[in-house]
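Here the structure is laid out as structure tokens; the discussion comes afterwards.
The values are calculated or read from the model by the stated rules, or taken from the named source; none is laboratory data. Given the structure is predicted, the values throughout are model-derived calculations rather than measurements. Reconstructed Cβ throughout: ideal geometry from the backbone, glycine too, with neighbour counts over all protein chains shown. Heavy atoms of the whole protein, side chains included, go into the accessibility calculation; ligands, DNA and RNA do not. Shrake-Rupley method; radii C 1.70, N 1.55, O 1.52, S 1.80 Å.
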Amino acid sequence: MSVLVAFSVTPLGVGEGVGEIVAEAVRVVRESGLPNRTDAMFTVIEAETWAEAMAVVQRAVEAVAARSPRVSTVIKADWREGATDAMTAKVESVERHLAAPQPPS
């Protein structure tokens, strides 16, 4: 099974420069050992179970909450039986389609 979770953790009430605090959440993700990617808006993790994924999200939120009076969290999840390495496979599928010749319009 593959559980992909895209999430963002935003500290509130600490001013505009939040990168240092957000880095604490990303550090938790990277130390989890789960496959992950971070971009400007979200961090994506891939786990074998819902519980494993949510435990990492919870620890990331707690890391930010330790330094912020309020935390906003956005979560999107894709739970798929029989899938593995979905984080990579989904992107490879799109890239394959982009590289394919386009039918005439």
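Scanning the range 93-104 for residues that are modelled with pLDDT of 85 or more and either in contact with a Phe, Trp or Tyr (Cβ under 9 Å, 6 or more places away or on another chain) or open to solvent by 100 Å² or more (accessible area, probe 1.4 Å) (or both) yields GLU95, ARG96, HIS97, LEU98, PRO101, GLN102.
Within the range 41-51, the set of residues being without any contact (Cβ under 8 Å) to a residue 40 or more places away in the chain and surrounded by fewer than 18 Cβ atoms within 10 Å (Cβ to Cβ) comprises MET41, PHE42, ALA51. Does MET54 qualify as being in a helix (DSSP H, G or I) and either open to solvent by less than 40 Å² (accessible area, probe 1.4 Å) or of a type outside the set (Asp, Glu) (or both)? It is true that MET54 is in a helix (DSSP H, G or I) and either open to solvent by less than 40 Å² (accessible area, probe 1.4 Å) or of a type outside the set (Asp, Glu) (or both). Scan the range 54-105 for residues that are over 17 Å from GLY33 (Cα atoms), of a type in the set (Ser, Thr, Tyr) and out of contact with any Pro (no Cβ under 7 Å at 6 or more places or on another chain) and the total you get is 4. Looking only at the range 40-61, decide whether some residue is in contact with a strand residue (DSSP E or B) (Cβ under 6 Å, 6 or more places away or on another chain) and basic (Lys, Arg). No, because not a single residue in the range 40-61 is in contact with a strand residue (DSSP E or B) (Cβ under 6 Å, 6 or more places away or on another chain) and basic (Lys, Arg).
Look through the range 3-40, keep the residues that are without any contact (Cβ under 8 Å) to a residue 60 or more places away in the chain, over 20 Å from ARG67 (Cα atoms) and of a type in the set (A, V, I, L, M), and return whichever of them is surrounded by the most Cβ atoms within 10 Å (Cβ to Cβ). Checking each candidate, the answer is LEU34.
Name the single residue that is modelled with the lowest pLDDT among those in the range 57-86 being touching a Leu at 6+ places or on another chain (Cβ under 8 Å) and open to solvent by less than 100 Å² (accessible area, probe 1.4 Å). Within the range 57-86, the match that is modelled with the lowest pLDDT is ALA86.
Going through (1) in contact with a strand residue (DSSP E or B) (Cβ under 8 Å, 6 or more places away or on another chain); (2) assigned to a helix (DSSP H, G or I) one by one, PHE7 falls short only on (2).
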